[in-house]
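The values are calculated or read from the model by the stated rules, or taken from the named source; none is laboratory data. Everything quoted here is computed from the prediction, not taken from an experiment. FYI the Cβ positions are ideal-geometry reconstructions off the backbone, even for glycines, and counts take in every protein chain you see. Just the protein is used for accessible areas: all its heavy atoms, side chains included, with ligands, DNA and RNA removed. Shrake-Rupley method; radii C 1.70, N 1.55, O 1.52, S 1.80 Å.
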Amino acid sequence: MKRRECIVVLTFIATGILVVLPILIGIFLLNRSRKLAYLFMSIPFVILAIGIIWPMYLMGHNFVKNTPLEGENIGGITLYENLDDAFKEKYGDYEVQENEYYKESLRFESFTVGTNDHDQIIYISATDSTMKTKAGIQIGDPIEKVFETYGENYYTYNEMGLGTSVNYVDRENRLHLQFWYINDEVVSIHLMES
């Protein structure tokens with residue numbers, strides 16, 4: 001048997017054992033013990049619920065342990081800093097980007113920022129090696145350095161074409177620090193309001 005055929009056969013067997021068999025046993029026991037019958041018939045629904053909830057648990061930043069990120073910045077730029085004329089003059093030429101998420105999104109030479117309705121920065125993205133986090137992580141660093149620096153309280157997220165991101169969340173300060181990497185090397189860093 002080919003591998004694909006084996007997978008199809010095993011899928012049918014697993015479906016039979018985990019879904020059909022408990023329902024049939026439940027129907028058989030319905031006249032003898034309603035509680036036991038309902039218990040057996042609920043097994044497929046519990047398995048289905050776990051199958052839906054577990055991936056959300058693994059991916060969601062609501063379930064990861066807190067990482068203190070107070071004072072975190074990228075290239076000296078912090079969240080809630082005002083995006084005013086002085087800021088624009090300090091960082092030079094920029095391009096206004098269309099977006100759906102921020103009142104204004106500006107692309108400077110080394111980074112991009114997004115603002116809220118009060119013209120405060122609530123998103124910073126860097127893809128240039130001159131931009132470092134507060135702890136010194138920069139583009140080109142190995143992802144292991146991120147783990148050593150920020151710890152084990154993170155979740156990962158995969159996006160086709162972008163690679164994988166490692167995400168740290170500080171609920172108390174409402175911060176989300178994200179490191180995208182490809183081939184175990186940091187390719188972009190994002191700091192945003194959580």
Q: Considering only residues that are in contact (Cβ under 8 Å) with a residue 40 or more places away in the chain and open to solvent by 70 Å² or more (accessible area, probe 1.4 Å), look in region 118-141 and name the one that is farthest from S105 (Cα to Cα).
A: K134
Q. Which one is farthest from L69 (Cα to Cα), of the residues in region 149-194 that are of a type in the set (A, V, I, L, M, F, W, C) and open to solvent by less than 10 Å² (accessible area, probe 1.4 Å)?
A. V186
Q. Residue check: is N82 within 21 Å of the chain's Cα centre (by Cα) and open to solvent by 20 Å² or more (accessible area, probe 1.4 Å)?
A. no
Q: Kindly indicate whether T112 is open to solvent by 70 Å² or more (accessible area, probe 1.4 Å) and touching a Ser or Thr at 6+ places or on another chain (Cβ under 7 Å).
A: no
Q) Is it true that some residue in region 57-72 is of a type outside the set (D, E, K, R), assigned to a helix (DSSP H, G or I), at pLDDT below 95 and surrounded by fewer than 14 Cβ atoms within 10 Å (Cβ to Cβ)? A) yes
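For region 161-174, check the following and say yes or no: at least one residue is in a strand (DSSP E or B), among the small types (G, A, S) and in contact (Cβ under 8 Å) with a residue 40 or more places away in the chain. Break it down stepwise before answering.
Step one: of region 161-174, the residues in a strand (DSSP E or B) are 163-170.
Subset that is among the small types (G, A, S): 163, 165.
Narrowing the set further to residues that are in contact (Cβ under 8 Å) with a residue 40 or more places away in the chain leaves none.
No, the conditions are met nowhere in region 161-174.
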(Q) Pairs please, first residue from region 144-155 and in contact (Cβ under 8 Å) with a residue 12 or more places away in the chain, second anywhere and part of a helix (DSSP H, G or I) and not aliphatic (A, V, I, L, M), Cβ atoms under 9 Å, 6+ apart in sequence or on different chains. (A) Y154/F147
